[in-house]
Amino acid sequence: MRTALRFALLFALSPAAAVGQGWDTRMESLDAYLMDEAYEVTLARSAAPEHVAAGARVLVLRSGGYHEIASGSNGFTCLVERSWSSPIGPHIDFYNPKLRAPICYNAEATRTILGDYMRRTELALGGASIGEIQVAIERDVGTGKLRAPQGLAMSYMLSGEQLLGTNTGRFVPHLMFYVAYATADEIGSPPPGCEHICMFEHVGGPLSALIVPMKEFNEVQADASH
């Protein structure tokens, strides 16, 4: 059953299906997505509890992709993901330069799940359309280039300065757990929204994710105008 779900996910969209359905949208000029480096580091670290962020590797977006600013010591990786980390589809926010998603992956998620976002970044900066990104990610999952976690894979998204969508604002502080092939049925088929635990993207596939809402944000004590 899970194998069937996986391949249903992988081949739900073909290159032909992506044509003429709003999937040809591409990112704006890179400058629209960049921010002050010091602020970006602060924002990235704000995703996690202080004791985690202090020892985390930190990446910032620059020309050509993400660059390491701090090497880290605890296996975590903090960065500010841009809009193309959102669920792949022809929606208004997929290439919205205003979106900011501070996130901090643990070691297993860094080795596996982060690869999905880095591949999207490579494609986006290369001028790929939404449809082309969808097809490439499906292909990379199918070939095993993007790998499912083998142990506990999770990330923190606790920043009070996260902006995850035009209609969702800063959403809620939350943890994400990556459980290969997990489905909504396995967590009780929650209603739409994430007031309680809910599913995110790649549902039923090897990169399936669960969102667990938390109560309090990490507020960012820095200039939030960038």
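The table below gives the values:
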{"read-out": "Cα centroid separation - segment 25-102 against segment 107-146, whole Å", "value": "15"}
{"read-out": "Filtered chymotrypsin sites (Phe, Trp or Tyr not before Pro), segment 62-151: DSSP coil and at most 10 other beta carbons within 10 Å", "value": "none"}
{"read-out": "Dipole magnitude of the chain about its Cα centre (Cβ charges: Lys, Arg +1; Asp, Glu -1), debye to nearest 20", "value": "520"}
{"read-out": "Loop sites in segment 29-137: trypsin sites (Lys or Arg not before Pro), DSSP, at most 13 other Cβ within 10 Å", "value": "Lys98"}
{"read-out": "Accessible surface, per residue, of the chain when the full set of protein chains is kept, probe 1.4 Å, Å²", "value": "47"}
{"read-out": "Within segment 72-176: Cβ-based charge dipole about Cα centre, in debye rounded to nearest 20 (Lys, Arg +1; Asp, Glu -1)", "value": "80"}
{"read-out": "Dipole axis of the chain (+1 Lys, Arg; -1 Asp, Glu on Cβ), positive-most option in Thr143, Ala209, Ala70", "value": "Thr143"}
{"read-out": "Leading residue at positive end of dipole, segment 73-203 (Cβ point charges), from Gln162, Phe200, Thr121", "value": "Thr121"}
{"read-out": "Among Asn74, Asn106, Asn96, residue whose mean-square fluctuation peaks in a GNM of the chain (springs only between Cα atoms under 10 Å)", "value": "Asn74"}
{"read-out": "Charged-residue dipole, Cβ positions (Lys, Arg, Asp, Glu), segment 20-112 about Cα centre, Debye nearest 20", "value": "140"}
{"read-out": "Neighbour cut-off at most 11 other Cβ (10 Å), DSSP loop, trypsin sites (Lys or Arg not before Pro), segment 134-226", "value": "Lys215"}
{"read-out": "Cα shape, segment 153-226, gyration tensor, a/c 1.5 rule", "value": "prolate"}
{"read-out": "Additional length obtainable on full extension of the chain from Asp185 to Glu28, 0.36 nm per residue less Cα span", "value": "52.7 nm"}
{"read-out": "Rounded to the nearest 10 Å², the accessible area of Leu210 at probe 1.4 Å", "value": "20"}
{"read-out": "Residue of Gly205, Gly193, Gly65 that the Gaussian network model of the chain assigns the largest fluctuation, springs spanning Cα pairs under 10 Å", "value": "Gly193"}
{"read-out": "With every protein chain in place, the chain: carbon and sulfur % of accessible area (1.4 Å)", "value": "55"}
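The values are calculated or read from the model by the stated rules, or taken from the named source; none is laboratory data. No experiment lies behind these values; they were computed from the predicted model shown. Cβ sites come from the backbone with ideal geometry, for glycine too, and all protein chains shown count toward neighbours. In case anyone asks, the SASA skips ligands and DNA or RNA and just uses the protein heavy atoms, side chains included. Shrake-Rupley method; radii C 1.70, N 1.55, O 1.52, S 1.80 Å.
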